[in-house]
Amino acid sequence: MSLHGKSTATIDAQVGRHLENGVDSEQYWLSRKSFYETGFALISYLLPDEVKRRVDAEINDLIAQQSIRRDLTLPQTSNSPRRMRNVTAEDIRAHDGVVREMYESPALRGALSAVAGEAVLDCPYQPEEYVITHLERPGDTHGWHWDDYSFGVIYVVDVPPTHLGGFVQTVPNTSWDKEDPQVFQHLIGNPIHSYALRPGDMYLLRTDTTLHRVHPLEPGGRRTIVNMAFAAERDLNKQISHETMEDLFSV
Ligand SMILES: O=C(O)CCC(=O)C(=O)O
Ligand SMILES: [Fe+2]
């Protein structure tokens, strides 16, 4: 406790304590199996409620104070739309609060590596480390895309009920040819998985080989997440270009 009576426990300490007391190996095993089979694993149980409340509060403040509206389509993902409000990695890093602590937490990183079945490493490209995305209008969507690095960890602050859209859709075992993305062909040629989420959920996604999107919102729907990107060992030797990120944040 500080002089002001405010909790000063670090996010890492809170997560570490929670993982020691509250998570058994069966849960890890089920997540790992799901991740291996589908590229998607629900890992909401890795964060204690007190951490979720702190993260929710920070993200809602950042959206209110520092977010930027985007409405564009990106040719590198077959002109799929981005209709959203964002807080950039630069602004999240400068704020230096709990999102950054969560990203850097060794306790969380260890748990993520256990689920992934390999080391989950810092993203080597700082503008992609984390981004907050808020969908607020009818038709708002994070359209079909892949991400540059192996892992995305998405923490869900707010998500509407299923009938208002905002659920996640994935097409595992697909790969991104940036010159010829063929998103529609991937959709036609493969099964699409859809996942309803609830506030406080978190999921791990194999973002480089899973085509994914957030279904457009219906009127009345609102949705807020932070996406944290991480690399695998194999990513560190690859030449990765960052056009979608550069296009997204150049407007
Ligand atoms: O909002 C989501 O659930 C997915 C976010 C995402 O795919 C991204 O930020 O790259
Ligand atoms: Fe993504």
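The values are calculated or read from the model by the stated rules, or taken from the named source; none is laboratory data. Owing to the predicted nature of the structure, the values given are computational and were not obtained by experimental measurement. So basically every Cβ, Gly included, is an ideal-geometry build from the backbone, and we count neighbours across all protein chains shown. These area figures cover heavy atoms from the full protein model, side chains too; ligands, DNA and RNA do not enter into them. Shrake-Rupley method; radii C 1.70, N 1.55, O 1.52, S 1.80 Å.
Note on K33: aspartates and glutamates with a C-alpha under 16 Å away, same-chain residues under 8 apart excluded, are D24, E118. Measuring spread by the Cα atoms of region 1-94 yields a radius of gyration and Dmax of 18.3, 54 Å. Dipole magnitude for region 25-249: computed about the Cα centre from +1 point charges on Lys and Arg Cβ and -1 point charges on Asp and Glu Cβ, it is near 580 debye. Its Cα gyration tensor gives region 25-249 an equivalent ellipsoid; the semi-axes, largest first and in whole Å, are 22, 22, 18. Between A13, A231, A89, the residue with the greatest mean-square fluctuation in the GNM of the chain (Cα pairs under 10 Å linked by springs) is A13.
In the context of the full set of protein chains, residues of region 25-249 present 43 Å² of accessible surface per residue (probe radius 1.4 Å, heavy atoms only). In terms of overall dimensions, the C-alpha atoms belonging to region 138-238 reach 43, 28, 20 Å along their principal axes, ordered largest to smallest. Of S80, S25, S194, S34, the residue with the largest accessible area leads and the full order is S25, S194, S34, S80 (1.4 Å probe). Entry note, region 25-249: relative contact order of 29 percent, from Cα contacts under 8 Å with a spacing of 6+ residues.
Under a GNM of the chain (C-alpha, springs under 10 Å), which listed residue has the highest mean-square fluctuation: F184, F167, F230? Maximum among the listed residues: F184.
For K178, the aspartates and glutamates whose Cα falls under 13 Å of its own Cα, not counting residues fewer than eight places away in the same chain, are D147, D148, D208, E243. A run of the chain free of exposed loop cleavage sites, with GluC sites (Glu not before Pro) counted only in DSSP states other than H, G, I, E and B and at most 16 other beta carbons within 10 Å, reaches its longest extent at 1-117. Largest GNM mean-square fluctuation across R206, R137, R32, computed for the chain with C-alpha springs under 10 Å, falls on R137.
Give me the percent of the accessible area of the chain that comes from carbon and sulfur atoms, probe 1.4 Å, all protein chains in place. Working shown, then result.
Numbers: 5830 of 11610 Å².
Its accessible area is 50 percent carbon and sulfur atoms.
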